[in-house]
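All remarks here apply to the structure that follows.
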Amino acid sequence: MISLSPLYLSPAARDNHLQELSAGVDVGDPNSPIANDFDGQQRPVNTGFDIGADETGSCSVRVVGSGPSPPKILACCKRRLITPKRTT
């Protein structure tokens, strides 16, 4: 149970997304079967599920591929997909 304010982005505008510093971030039920939030984004994003219907828009990184080919690194930060450019 959390007794602190959930720190919604803009309750007056009915924007109930959690702010990054909300006490509800990463403390939800670790056994939750819900794979996507109400925005359709993968959850959990960070170290755990957020309480409520939305995951905060922090950053998750996925490495795809193995073997002799260089892997693809995909980062999802602040609700947009980023494909880093390869450096030599």
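The values are calculated or read from the model by the stated rules, or taken from the named source; none is laboratory data. In this text, all values refer to a predicted model and were calculated from it rather than measured experimentally. Glycine also receives a Cβ, built like all others from the backbone with ideal geometry; neighbour counts cover every protein chain displayed.
When you look at P6, is it in contact (Cβ under 8 Å) with a residue 40 or more places away in the chain, out of contact with any strand residue (DSSP E or B) (no Cβ under 6 Å at 6 or more places or on another chain) and assigned to a loop (DSSP other than H, G, I, E, B), yes or no?
yes
What residue, of G24, G52, is touching a Pro at 6+ places or on another chain (Cβ under 6 Å), of a type in the set (G, A, S) and at pLDDT 80 or above?
That would be G24, the only listed residue that is touching a Pro at 6+ places or on another chain (Cβ under 6 Å), of a type in the set (G, A, S) and at pLDDT 80 or above.
Filter segment 23-38 for residues that are within 13 Å of the chain's Cα centre (by Cα) and within 14 Å of I2 (Cα to Cα) and give the result.
Listed by number, the residues that qualify are G24, V25, D26, V27, G28.
Which of the residues belonging to segment 18-55 are surrounded by 15 or more Cβ atoms within 10 Å (Cβ to Cβ) and in contact (Cβ under 8 Å) with a residue 40 or more places away in the chain?
Selection gives I51, G52.
Looking at (1) loosely packed, with under 10 Cβ neighbours inside 10 Å; (2) modelled with pLDDT of 80 or more, which is the one condition that is false for K85?
All conditions are met except number (2).
Mind checking which residues of segment 5-23 are small (G, A, S) and more than 18 Å from N46 (Cα to Cα)?
S5, S10, A12, A13 - these are the residues of segment 5-23 that are small (G, A, S) and more than 18 Å from N46 (Cα to Cα).
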